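The values are calculated or read from the model by the stated rules, or taken from the named source; none is laboratory data. All values reported here derive from a predicted model rather than from experimental measurement. Here Cβ is always computed from backbone atoms with ideal geometry, including for glycine, and neighbour counts include all displayed protein chains. Each accessible area value is taken on the protein alone, full model and side chains, heavy atoms only, with ligands, DNA and RNA left out. Shrake-Rupley method; radii C 1.70, N 1.55, O 1.52, S 1.80 Å.
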Amino acid sequence: GADNLEIAAELAVHFEAAHEPRRALGQRVGAGDLAVRRHAEREAVEHYRRALGLCAQTGACDPSGELSILVKLATRLMSTAGYAAPELETIFDRAYTLSRQIASGRDLAPLLRTLVSFHQVRARLEAARSVGEELLALCARNDDEVALVQALYGHGVTLYDLGELESSQRHLERALELYRPETHETHAAVYGGYDPGVGSRCWLSWLLWMRGEGDRALRVAADGLALADELGHPFSLGFACMSSAVLHLHRGDAKAAASPLERARLVA
């Protein structure tokens with residue numbers, strides 16, 4: 001009934017025990033989705049892994065269905081096992097192969113966005129640029145502002161890492177122009193990672209410091225930390241605290257860095 005999602009994990013166990021894997025599959029995905037909403041990332045990973053196994057066991061997933069589960073699993077693994085976890089390479093190889101079989105779809109943008117992050121942390125910056133440009137082109141064809149914010153944010157970080165600071169600043173500032181806090185839950189559920197409103201401010205604060213705008217860098221960092229507090233998203237809050245501390249260390253102010261570092265430690 002209406003409360004099905006609340007007992008999805010229990011139903012999945014019953015259907016698996018009853019040798020009804022097709023019915024168990026949907027319940028595993030639902031249980032993973034509920035765990036994401038509750039910030040239970042490790043539990044979500046386990047549910048999505050089991051769903052993927054059921055998908056292979058039953059042959060019930062078309063390319064789009066399998067891709068959806070792979071993207072859900074990848075986004076949660078990035079926040080629990082690390083953005084460069086070896087398992088992610090296998091997942092992304094399979095997901096990217098499936099994506100070539102699908103002209104479009106709701107999972108294509110999240111796949112490309114997580115793939116950008118994966119390449120970034122492995123220092124494959126030209127690959128990150130290429131995928132980021134593909135995602136921006138996809139957003140230009142679709143009316144999905146959430147995806148566009150993610151595309152601008154992700155590409156802005158890639159350009160920052162490449163040292164193309166002026167272009168990076170344009171992308172990050174455009175992401176912030178379009179970002180709306182009320183879309184946070186969608187960003188967190190579909191894309192995972194740091195909230196783009198928080199993340200864009202973190203990278204922009206470092207960039208502004210490098211470009212000689214120290215006072216503005218401090219204001220942007222403070223805004224990012226305030227937004228993270230408002231959203232109450234642990235992953236974003238931890239990153240905002242760490243980012244603020246890094247900025248203070250750039251300024252040579254270790255004392256000012258201590259407080260956000262302590263907050264980050266408590267969040268972790």
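Structural remarks
- When the alpha carbon gyration tensor of the range 1-50 is reduced to an equivalent ellipsoid, the three semi-axes, largest first, read 18, 13, 7 Å.
- Solvent exposure, largest accessible area first (probe 1.4 Å, DNA, RNA and ligands not counted), of LYS255, LYS72: LYS255, LYS72
- By average C-beta atoms within 10 angstrom, highest first, the peptides 123-135, 176-188: 123-135, 176-188
- Added length on full extension, which subtracts the Cα-Cα distance from 0.36 nm per residue, GLU177 to ARG219: 13.5 nm
- Rg/Rh, computed from the Cα trace of the range 131-225 with Rh as the Kirkwood radius, has the value 0.97.
- Using a probe of 1.4 Å on the protein chains alone, the accessible area found for CYS55 is around 10 Å².
- Modelled spin-label separation between ASP33 and ALA127, with each label point placed 7 Å from Cα along the Cα-to-Cβ direction: 3.1 nm.
- FRET efficiency, GLU145 to SER167 (Cβ-Cβ, R0 35 Å, nearest 0.05): 0.95
- Ellipsoid semi-axes for the range 17-114, based on the Cα gyration tensor and the rule √(5λ), read 20, 18, 12 Å when sorted largest first.
- Using the Karplus relation 6.51 cos²θ - 1.76 cosθ + 1.60 with θ = phi - 60°, the per-residue 3J(HN,Hα) values for the range 220-225 come to 5, 4, 5, 5, x, 5 Hz, with x marking Gly and Pro.
- Computed from the Kirkwood radius of its Cα pairs, the Stokes-Einstein diffusion coefficient for the chain at 25 °C and 0.890 mPa s stands at 127 µm²/s.
- For the range 166-268, the Rg and Dmax computed from alpha carbons only, in angstrom: 13.1, 38
- Karplus (6.51, -1.76, 1.60) ³J(HN,Hα), θ = phi - 60°, over the range 124-133, in Hz, Gly and Pro reported as x: 8, 6, 5, 5, 4, 4, 4, 5, x, 5
- Measuring only protein heavy atoms, the 1.4 Å probe finds TYR194 accessible over about 50 Å².
- Where labels lie 7 Å past Cα in the beta-carbon direction, separation of ARG22 and SER259 in nm: 6.0
- To the nearest ten degrees, helix 8-17 and the longest principal axis of the Cα atoms of the chain are 40 degrees apart.
- For the chain, the relative contact order is 10 percent, taking Cα pairs closer than 8 Å that sit 6 or more residues apart in sequence and dividing their mean separation by the residue count.
- For TYR83, distant residues with modelled amide H under 5 Å away: none
- Over the range 100-150, relative contact order from alpha-carbon pairs under 8 Å, at least 6 apart, %: 35
- Part-to-part distance (alpha-carbon centres) for the range 62-80 and the range 22-45, which is given in Å: 11
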